[in-house]
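A short worksheet on the structure shown next.
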Amino acid sequence: MKRILSGIKPSGVLNIGGYSGALSQFVRNQEQFECFFFIPDLHAITVYQDPKELNERTRELAALYIAAGIDPKRSTVFLQSQVSAHAELSWMMETQAHFGELSRMTQFKDKSDGKDVVSSALFTYPALMAADILLYQATHVPVGDDQKQHVELTRDLANRFNNRYGETFVVPEPIIQETGARIMGLDDPSKKMSKSNPNVSSYILMTDEPAVIRKKFSRAVTDSEMSVRYDWDTKPAVSNLIEIYSVFSGMSIAEVEKHFAGQGYGNFKKELAEVVIAKLEPIQQRFHEIVNSSELNEILRDGAERAAAVANETLMRAKRNMGFLIV
Ligand code: TYM
């Protein structure tokens, strides 16, 4: 059986990079896989989160999952903090991870760079991510490019555990789509589109109004060549916009290039904004209907129950194999 687990941290409002690399994939994955989609709220607190904001962002992200097309009847949708097996297995996985391995994680290096104080949880975070994945015996993990290294570490930890203690975990594979796995900032194509960028025009949020989306795209950096051509080496800013167009229109990169052949950037950016707005409008409408509904609470409660049943079974097996006395 092919099974998926993946999630998005509730550390800010979701931007179209996370939609492109993760959420839009999740929705498609439901057709082929048994899916577990969770909100890794325990991961969000590796850096300080204002409690009220964490609470609101978590609810909003859950609503976005559903609004974007995750069907809670087919897929299990839940909050990480409601299934305590994650924290428990995480500790056991920390005993398998090596200091040197964790030190090499590029996300840790980026996030700790230049900071006076870094939480120890930011360092051990990949062990928790491994626990998330392994608890559900996931065969596949759909992620954007920046999470590939963490999924590879998960594979190493699963193999190490299985070799030491006997077959316990399925060794998962990442799924990284060809287009849209690494959407860059609209102000600087060398930096990942991220909600932590202080320049609000560098990203488009899933909840941005049409007028805001049009304005942000009109300000996006391009280059002086004036041709809509895909070439990351010489035209990174335009290639990034072409990828966004491709993800939101469903057209291939070659089709997008052909569609805009002989046209300048002005028209390209205008059409790009309209393609993104057309996709986001129905999602935003559904989002507003459910974000404060009791239906959403029920989905998450039911999801946590279903998730815990699967997770606890794996946790028990891992404990038994490690030699804990179970009485
Ligand atoms: P997070 O919350 O930073 O991002 C969630 C997902 O969105 C992808 N993504 C992007 N893809 C393309 N372009 C971008 N600009 C962009 N920004 C984000 C990420 O690659 C990711 O797939 N550690 C994870 C959360 C996590 C997780 C897990 C994921 C915790 N446990 C278990 C999978 C399985 C993270 O911080 O993702």
- Task: May I ask you to list the residues in region 65-81 that are in a helix (DSSP H, G or I) and in contact with an Asp or Glu (Cβ under 9 Å, 6 or more places away or on another chain)?
- Result: I66, A67, Q80, S81
- Item | Check on R155, modelled with pLDDT of 95 or more, among the charged types (D, E, K, R) and within 15 Å of the ligand (Cβ to nearest atom) | yes
- Query: Hey, among S190, S112, which residue is over 28 Å from E34 (Cα atoms), outside the structural domain of D223 (by TED's automatic domain parsing) and in contact (Cβ under 8 Å) with a residue 40 or more places away in the chain?
  - Reply: S190
- Contacts under 7 angstrom Cβ, first residue in region 196-225 being loosely packed, with under 13 Cβ neighbours inside 10 Å, partner part of a strand (DSSP E or B), 6 or more apart: E225/K235
- Message: Being of a type outside the set (A, V, I, L, M) and either without any contact (Cβ under 8 Å) to a residue 12 or more places away in the chain or more than 13 Å from the ligand (Cβ to nearest atom) (or both) is the filter here; which residues of region 115-134 pass it?
- Response: K115, D116, S119, S120, F123
- Task: Residue by residue through region 70-83, note down the ones that are touching a residue at least 60 places away in the same chain (Cβ under 8 Å) and either of a type in the set (S, T, N, Q) or away from the ligand (no atom under 16 Å from the Cβ) (or both).
- Result: P72, T76, Q80, Q82
- Message: Any residue that is assigned to a strand (DSSP E or B) and more than 8 Å from the ligand (Cβ to nearest atom) - is there at least one of those in region 19-35?
- Response: yes
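A quick yes/no check of all residues on (1) of a type in the set (D, E); (2) under 29 Å from I66 (Cβ atoms):
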| site | (1), (2) |
| --- | --- |
| E173 | yes, yes |
| A181 | no, yes |
| F217 | no, yes |
| P236 | no, no |
| Y245 | no, yes |
| G266 | no, no |
- Note on the structure: Being farther than 21 Å from A318 by Cα and either more than 9 Å from the ligand (Cβ to nearest atom) or crowded, with 16+ Cβ neighbours inside 10 Å (or both) narrows R182, R160 down to just R182
- Taking helices (runs of 4 or more DSSP H) that do not extend beyond region 230-327, which have at least 3 residues that are surrounded by 17 or more Cβ atoms within 10 Å (Cβ to Cβ)? 236-249, 265-290, 294-322
- Just one listed residue, out of Q96, Q149, Q137, Q177, is on the phi > 0 side of the Ramachandran plot, outside the structural domain of G250 (by TED's automatic domain parsing) and either modelled with pLDDT of 95 or more or within 14 Å of the ligand (Cβ to nearest atom) (or both), and it is Q137
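Residue-by-condition table, conditions (1) modelled with pLDDT under 95; (2) crowded, with 21+ Cβ neighbours inside 10 Å; (3) assigned by TED's automatic domain parsing to the domain that holds Y245; (4) β-branched (V, I, T):
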{"residue": "R28", "(1), (2), (3), (4)": "no, no, no, no"}
{"residue": "E34", "(1), (2), (3), (4)": "no, no, no, no"}
{"residue": "I39", "(1), (2), (3), (4)": "no, yes, no, yes"}
{"residue": "R59", "(1), (2), (3), (4)": "no, no, no, no"}
{"residue": "A62", "(1), (2), (3), (4)": "no, yes, no, no"}
{"residue": "I70", "(1), (2), (3), (4)": "no, yes, no, yes"}
{"residue": "Q80", "(1), (2), (3), (4)": "no, yes, no, no"}
{"residue": "V83", "(1), (2), (3), (4)": "no, yes, no, yes"}
{"residue": "E88", "(1), (2), (3), (4)": "no, no, no, no"}
- Message: Suppose we filter region 139-158 for residues that are outside any helix (DSSP H, G or I) and within 16 Å of the chain's Cα centre (by Cα); how many remain?
- Response: 5
- Note on the structure: In region 238-262, residues that are small (G, A, S) and either touching a residue at least 60 places away in the same chain (Cβ under 8 Å) or within 20 Å of I277 (Cα to Cα) (or both) total 5
- Task: Determine whether region 192-209 contains at least one residue that is basic (K, R) and part of a helix (DSSP H, G or I).
- Result: no
- What are the residues in region 84-120 that are of a type in the set (A, V, I, L, M) and more than 19 Å from the chain's Cα centre (by Cα), if any? A85, A87, L89, M92, M93, A97, L102, V117, V118
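The values are calculated or read from the model by the stated rules, or taken from the named source; none is laboratory data. Please read all numbers here as calculations on a predicted model, not as lab measurements. Heads up, the Cβs are rebuilt from the backbone with ideal geometry, glycines too, and the neighbour counts pull from every protein chain shown.
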